[in-house]
Amino acid sequence: MDGQRVEVPAGAMLLAAVRAAGRTLPALCNDDRLTPAASCRTCLVSVPDRGLVAACSTPAEEGLAVSVDAAGAARKDALQIIVEGLPPWALEVPADRSELVRECRAAGVRASAVPLPWPSRGTDRSHPYVKLDRDLCIACGRCVRVCAELQGTFALTLAGRGADAVVAPGTGGEWAASDCVSCGACVDTCPTGALSEPGLLDPRPIERRTLTTCGFCGVGCSLEVAARDNGIATVRPVDDGGVNRGHACVKGRFSHGFVTSPERLTAPLVRRGGSLEPASWEETIGFVAGRLAEHRGTEPDSFALISSARATNEENYLAQKFARAVMGTNNVDNCARVCHAPSAAGLAATFGLGGGTNPFDDLDRCDTVLLVGANPTHAHPVVGSRLFQRVVDGARLVVVDPRRTLLARHADVHLRPRPGTNVALFHGLAHVLVRDGLADTGFLETHTTGFDDLQELLRDYPPERASAITGVPARDLESAARLYGNSRAPMIFYGLGVTEHRHGTDGVRALANLALLGGAVGPGSGGGINPLRGQNNVQGACDMGAMPDALPGYQKVLDDGARARFSEAWGTGISPRPGLRIPQMFDAARSGTLKALWAIGEDVLATGADSSSVEAALEACPLVICNDLFLSATARMADVVFPVAAWLEKDGTFVNFDRRFQRVRPAVRPPAGVRTDFEVLHAVAAAMGADLGCPTPEAALAECAELAPLFAGISHQRLDQAGALHWPCTSAESPGTPRLYRERFATPDGLAHLAVRPYLPPGEETDGDFPFLLITGRRGEHYNTGSMTRRTGNLALLPQETLDIDAADAASFGLRNGDPVQLTSRHGRAVLPARITDDVEPGQLFAGFHFPGAGVNNLTSAVVDEATGCPEYKLTAVRIRPAPAGWGTASLAIRRRDSWSRGR
């Protein structure tokens, strides 16, 4: 390189060699994450006998002589040509927003001195988060390639020819109406500022940049938050080796406007005379402490606490400590109960620990993905895009889902079982694996127990019988089994479509059987099985002991030794009686035994199954306390509401779906009058004369590490240095355990326990009165109850919930897109506008739950998984008809608000 010898990895391009020599080149069409395009010619170098070549696309070769200096004039000319095609003000864009401006300044390139007529190509401001200024587009194609190669969306294209070529939505029309998923990758890669976001348009300087972990879904993306004047300017994904590798989704990247929503609660509320009224912190803390003292150490079921999967680990640790050490009860639970409790129970029963078996990065080496009951493109977009990338790179994909999701459309095999028949389907796949000699018998004999009994069970599930139960063609079932069985390193990812059933724990265990039959988990394995967690810290809430039967680190309440350790450390006895699960808490409230319920960050009225029964429980409970950012449905029914901080305002840690502890740091200060959940718990305990210890989040995690061997080596200090640590991490010297069971399983006998559980029918069936099956789930634009995302620009992307319905079913009722449809189940009713789609099968319907006013959870039943109490959200029998005249989709929400206003 101009006489300097440099070494680069095999397969590298000359651009990498230039950088290895400490030199820089403009490369406006290049993004190191993408395939080279060599369209802008700004990275030209000189090579003997070849002349000028593009450094970004020319492979480096041993002994090749390259000159950067000799091509300097040509590179400047290339930049000048690009500038001549742009309006003069293109070089007035701030340099921190335009790579073109920076390179032109470095090369001495200026706008043309000859004024030229410039026909404006216009701007597209239709999208709430992305602005397209066509006049700044140089048709480099980076945005198009990043959308296709990284995100896997293929939403963008280059339209027009020659000087008129410009980026455009692939569907035509406005950006907001396109297939764009709003991940922001196109904005990040744009070299000219043609694509920008609102936070970048403010000329004021950024005052602070904070590295934190996303507080939406359970992927655990690393984010850099830029702030000014205690407000969030932009959020960028970080490519630091974390799980997201520079990816982001619309929620993590853009949905931060809720932090400054005028609807934020900024003062405590106390019910007086049937109405919630503002009160001081001192008054509210004193009132709560006095009322809770009445139930301290009295009847075992008089008090219950629902902790939060959105709170930090440290807050969850403090919450369960408050319940056990201050209130003397194990009545503490979290929302994992209604989503992934079957995962914790099923995986622990099979392998010994209730978490995913390996890091998500193992996806890079897997050859087959079995995706079951999950739509990560919507629920976990970064996972969805990485799965799609892996499939594009050659991995095989089997999808098990009643709906035709985006990934299902790209699957080698898509199995569409009737909702509620998962166990029969998994047994059918297992039957084929054993029958066709695809099971790893050597592994099974050495590392598992129960194989003989399982074989006996599987004789009852040949493909023909499994097909009769599930509706999946036998040939498809056999194709999927053979594809999976012939894999060297298969990975299983699953979601709520497995767990949220009457027999969800059986489903998890039957699915885990497949991992073991293929030798994909344990010593010598090349794959794994991972549940995709829906909320940011649902794994951590369980890890920290916010469960009625487990102390921090999954130490059983029934274990005398475990209780003794915590009793000694906390200076108080721990009840040996397992506490109430969330559904049992509501039962106790309706029966009159539960006198006080504290819900931290959980809108149980909006998320609970059979929500009319939840409403009755809240109405019956004499004292309901709620911590929240906004006046949620649950908060409206509470007696006390504490205004608390959001994840962007907190210090602590989260644990993502692959057991990865990561730091959470405050990017901005909470609004005046707002406290963290950590501070609220401390204040109430102190007012009751109790000292919770752990004065800081760092101290809380340190105390947890002392008492829970799984986390003994994890601390804020280590995480600040290492970035992330996977549990188990049993000492300060331990690097953590990304991949579990490398030597033995964590069961008492060191063996994995194959489950022998027959298929049992679901909790609900269709009949003549209720002929349709309703499935509930997530939409990509919103998160959980929507309390945060509905207060951002996401509402422009998805303004209301819809009912997905097959075209033939819609036609039979005379329905068109947008027509209101009345749904009635055995438990309630709701009204939603129709969305006609081929995503669902005839006879099946789908709706999200992000809009509480839509009343979707009024329809769901109180049927729960028999092992864990997880509700059967994925299967509700309903009937439909066009909504009566004058019945709008907001009617139910209005009716419910009327009921809330009654108070007690």
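Remarks
- For region 697-727, the set of residues classified as assigned to a loop (DSSP other than H, G, I, E, B) and without any contact (Cβ under 8 Å) to a residue 24 or more places away in the chain consists of Ala712, Gly713, Ser715, listed by residue number.
- For region 225-239, the count of residues that are outside any strand (DSSP E or B), outside the structural domain of Asp393 (by TED's automatic domain parsing) and under 21 Å from Phe388 (Cα atoms) is at least one.
- Only listed residue being at positive phi and either in a loop (DSSP other than H, G, I, E, B) or of a type in the set (Lys, Arg) (or both), chosen from Gly780, Gly818: Gly818
- Residue count, region 340-393 (criterion: closer than 12 Å to Phe493 by Cβ, in a loop (DSSP other than H, G, I, E, B) and of a type in the set (Gly, Ala, Ser)): 3
- Within region 378-400, the set of residues being within 18 Å of Gln844 (Cβ to Cβ) and surrounded by 24 or more Cβ atoms within 10 Å (Cβ to Cβ) comprises Val399, Val400.
- Strands (runs of 3 or more DSSP E) wholly inside region 260-321 that include at least 3 residues being assigned by TED's automatic domain parsing to the domain that holds Gly231: none
- Qualifying residues in region 291-309 (those that are surrounded by fewer than 18 Cβ atoms within 10 Å (Cβ to Cβ) and in contact (Cβ under 8 Å) with a residue 40 or more places away in the chain) - the one nearest to Thr329 (Cα to Cα): Pro300
- Taken as a whole, the structure places Asn536 among residues that are over 22 Å from Tyr741 (Cα atoms), outside the structural domain of Val664 (by TED's automatic domain parsing) and not in a strand (DSSP E or B).
- Residue check for Arg253: basic (Lys, Arg) and surrounded by 24 or more Cβ atoms within 10 Å (Cβ to Cβ): yes
- Within region 30-49, considering residues that are out of contact with any Ser or Thr (no Cβ under 9 Å at 6 or more places or on another chain) and among the charged types (D, E, K, R), the one surrounded by the fewest Cβ atoms within 10 Å (Cβ to Cβ): Asp49
- Filtered by the rule that a residue be surrounded by 16 or more Cβ atoms within 10 Å (Cβ to Cβ), over 27 Å from the mean Cα position of the chain (by Cα) and aliphatic (A, V, I, L, M), region 786-821 gives Ala810, Leu815, Val821.
- Residue match in region 213-223 (condition: more than 23 Å from the chain's Cα centre (by Cα) and in the same structural domain as Asp124 (by TED's automatic domain parsing)): no
- Failed item in (1) crowded, with 22+ Cβ neighbours inside 10 Å; (2) in a loop (DSSP other than H, G, I, E, B); (3) touching a Gly at 6+ places or on another chain (Cβ under 9 Å), with Leu773 passing the rest: (2)
- Within the span defined as region 674-681, every residue fails to be out of contact with any Pro (no Cβ under 8 Å at 6 or more places or on another chain), part of a loop (DSSP other than H, G, I, E, B), at pLDDT 95 or above and not assigned by TED's automatic domain parsing to the domain that holds Asn857.
- Flag for Arg110 being out of contact with any Lys or Arg (no Cβ under 8 Å at 6 or more places or on another chain) and part of a loop (DSSP other than H, G, I, E, B): yes
- In summary, Leu751 fulfils each of the numbered conditions (1) closer than 30 Å to Thr653 by Cα; (2) surrounded by 17 or more Cβ atoms within 10 Å (Cβ to Cβ) with the single exception of condition (1).
- Residue that is modelled with the lowest pLDDT, among those in region 507-533 that are within 17 Å of Ala481 (Cβ to Cβ) and in a loop (DSSP other than H, G, I, E, B): Gly527
- Residue, surrounded by the most Cβ atoms within 10 Å (Cβ to Cβ), within region 593-615, restricted to residues that are small (Gly, Ala, Ser) and modelled with pLDDT of 95 or more: Ala599
- Members of region 726-776 found to be over 26 Å from Gly828 (Cα atoms) and among the β-branched types (Val, Ile, Thr), listed by number: Thr730, Thr737, Thr747, Val756
- Annotation: of all residues in region 834-878 being without any contact (Cβ under 8 Å) to a residue 40 or more places away in the chain and assigned to a loop (DSSP other than H, G, I, E, B), the one that is nearest to Met788 (Cα to Cα) is Thr837.
- Filter pass, Thr329 being part of a loop (DSSP other than H, G, I, E, B), of a type in the set (Ser, Thr, Tyr), at pLDDT 95 or above and assigned by TED's automatic domain parsing to the domain that holds Leu618: yes
- The one condition in (1) in contact with a Cys (Cβ under 8 Å, 6 or more places away or on another chain); (2) in a loop (DSSP other than H, G, I, E, B) that Ile82 fails to fulfil: (2)
- Test: residue in region 651-660 that is within 18 Å of Glu282 (Cα to Cα), under 23 Å from the mean Cα position of the chain (by Cα) and modelled with pLDDT of 95 or more: no
- Per-region count, region 501-532, residues under 23 Å from Ser308 (Cβ atoms) and touching a His at 6+ places or on another chain (Cβ under 6 Å): 2
- Among the residues of region 151-170, those that are surrounded by 13 or more Cβ atoms within 10 Å (Cβ to Cβ), without any contact (Cβ under 8 Å) to a residue 24 or more places away in the chain and either in contact with a Ser or Thr (Cβ under 8 Å, 6 or more places away or on another chain) or not in a loop (DSSP other than H, G, I, E, B) (or both) comprise Thr157, Leu158, Ala159, Ala168, Pro169, Gly170.
The values are calculated or read from the model by the stated rules, or taken from the named source; none is laboratory data. All of these numbers come straight from a predicted model, not from anything done at the bench. Please note: Cβ atoms are built from the backbone with ideal geometry, for glycine as well, and neighbour counts cover all protein chains shown.
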